[in-house]
Amino acid sequence: MLFYVFFFNLLGIFIFLFLFWKKMKEDYTSSQIFSTSFLIIIGFCLLFLVLNFYSTDFWFWAAFFVFLISVLFSVWRFKLRFFETYEASFISILPWFSFIFLLDAMKTLSWFSFLGFVLIWLLILLYVFLNLRYKQFTWYKSGKIGFSGLSVSIVFFLIRFLVAYFFPFMLSFAGSADKILSVAFAFLFFLLLLFLSR
């Protein structure tokens with residue numbers, strides 16, 4: 001099992017680096033792109049090193065806040081645009097996140113974890129669909145980059161709320177607080193989407 005943990009995490013990191021670079025390479029230098037991506041990876045590695053000693057049901061939220069802090073710091077430090085950076089990093093990290101569910105499904109033979117793996121890849125397909133078509137939406141007047149990433153984030157956290165409500169025993173859920181946080185972030189990304197559309 002240790003081999004699969006190493007393999008899928010390494011694969012997740014390579015996919016993240018490639019997708020993030022591909023999304024950002026037209027507007028930013030390689031230094032900006034890889035400094036940001038390695039900052040996110042180092043943040044995750046340090047977090048999961050800590051979680052090996054201090055296990056918590058809030059590991060998903062700890063990872064998400066590390067991710068957000070890394071993105072916000074990179075936007076400030078490397079002079080990046082927030083919506084582009086968030087979208088590129090969020091969609092690039094999803095395959096890596098899906099492998100966590102796959103590893104749990106392999107370890108515990110849990111159908112719920114396998115469905116989590118499938119669901120994340122359906123969200124990736126939703127992103128691809130939206131990213132090809134969002135400029136054709138007449139109500140999205142600004143046409144700015146970020147629509148697809150924010151939309152998928154809203155769907156992600158709404159699904160997370162529903163699953164946390166009906167299936168709280170699934171991997172990465174932390175009780176009633178999870179429902180509150182999921183709704184709060186879905187609403188926050190909805191407000192950001194409204195702001196971006198103007």
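The values are calculated or read from the model by the stated rules, or taken from the named source; none is laboratory data. Just so it is clear, the structure is predicted and the values come from calculations on it, not from any experiment. Heads up: the accessible areas ignore ligands, DNA and RNA and are worked out on the full protein's heavy atoms, side chains in. Shrake-Rupley method; radii C 1.70, N 1.55, O 1.52, S 1.80 Å.
Brief remarks follow.
- Average accessible surface area per residue within the stretch 45-198, 1.4 Å rolling probe, Å²: 55 Å²
- Rg [Å, one decimal], Dmax [Å, integer] - the stretch 55-101, C-alpha atoms: 12.0, 35
- The chain - percent of accessible surface contributed by carbon and sulfur, probe 1.4 Å: 75 percent
- Radius, Kirkwood style, for the stretch 14-153 when every pair of distinct Cα atoms is counted (Å): 16.2 Å
- Rg then Dmax, both in Å and based on the Cα atoms of the stretch 97-137: 13.6, 44.
- Computed [θ] at 222 nm, helices only, for the chain once each DSSP H run of length n ≥ 4 contributes -39500 (n - 2.57): -27500 deg cm²/dmol
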